[in-house]
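Take a look at the structure below.
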Amino acid sequence: MNAEIPHPSPRERFYRRERQSVPAARAFTREALVDWGVRERAYDIVLCVSELATNALAHGVPPGRGFLLRLSYGDGVRVEVHDSGDGVPNAREPGEGEGGRGLLLVSELADKWGVGERDPGKIVWCEFADR
């Protein structure tokens, strides 16, 4: 990725439960990656942000609430989507029922991904290591 900026400050933005939040989250991510000089895997990172934001809106954000997107850059890029919804998301193979295919994509593109606790809700995250 980029050795010029060792550990810039994390960036975060709150998005309401609205249709335009997903494209806004992608644009916010692209801007951060450009500012940090991250070119390698930028498309994959933005795609994963899109999937995680879509999942938060569809499954994790109750009416009247929103989600927090947090991006950080250290030895790679970490994406976190914080929401207040119940349940633990999981990746599903095609044919295993509805939903979960976005997380399957995240699991294939990111080096790591997971779900952390938050009160209320959860944090779904993924990481892209420097290569």
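The values are calculated or read from the model by the stated rules, or taken from the named source; none is laboratory data. Keep in mind that what you see is a predicted model, and the values were worked out from it rather than measured. Don't worry about glycine lacking a Cβ; one is built from the backbone with ideal geometry, like all the others, and counts go over all protein chains shown. Surface accessibility is based on the protein's heavy atoms, side chains included, excluding ligands, DNA and RNA. Shrake-Rupley method; radii C 1.70, N 1.55, O 1.52, S 1.80 Å.
Mind listing just one residue for me: the one in segment 6-20 that is exposed (fewer than 13 other Cβ atoms within 10 Å of the Cβ) and part of a loop (DSSP other than H, G, I, E, B) and, of those, modelled with the highest pLDDT? My answer is Q20. Going by what's in this entry, would G60 be described as out of contact with any Asp or Glu (no Cβ under 7 Å at 6 or more places or on another chain), among the small types (G, A, S), modelled with pLDDT under 95 and surrounded by 16 or more Cβ atoms within 10 Å (Cβ to Cβ)? Judged against the criteria, G60 is not a match. Residues in segment 63-81 that are out of contact with any Asp or Glu (no Cβ under 9 Å at 6 or more places or on another chain), of a type outside the set (V, I, T) and modelled with pLDDT of 95 or more: 1 in all. Scanning segment 37-57 for residues that are modelled with pLDDT under 95 and part of a helix (DSSP H, G or I), we see that the one that is least open to solvent (accessible area, probe 1.4 Å) is A56. Could you tell me which residue of segment 24-36 is least open to solvent (accessible area, probe 1.4 Å), considering only residues that are touching a helix residue (DSSP H, G or I) at 6+ places or on another chain (Cβ under 8 Å) and not hydrophobic (A, V, I, L, M, F, W, C)? In this case the residue turns out to be T29. The C-beta contact set for segment 100-126 (first residue part of a loop (DSSP other than H, G, I, E, B), second residue polar (S, T, N, Q), distance under 8 angstrom, 6+ apart or interchain) comprises G100/N90; R118/S84; P120/S84; G121/S84. A Cβ distance below 7 Å, combined with a sequence gap of six or more or placement on separate chains, defines the contacts here; from segment 18-37, residues that are among the polar types (S, T, N, Q) reach residues that are part of a helix (DSSP H, G or I) in the pairs S21/A53; S21/L57; T29/I45; T29/V46; T29/V49.
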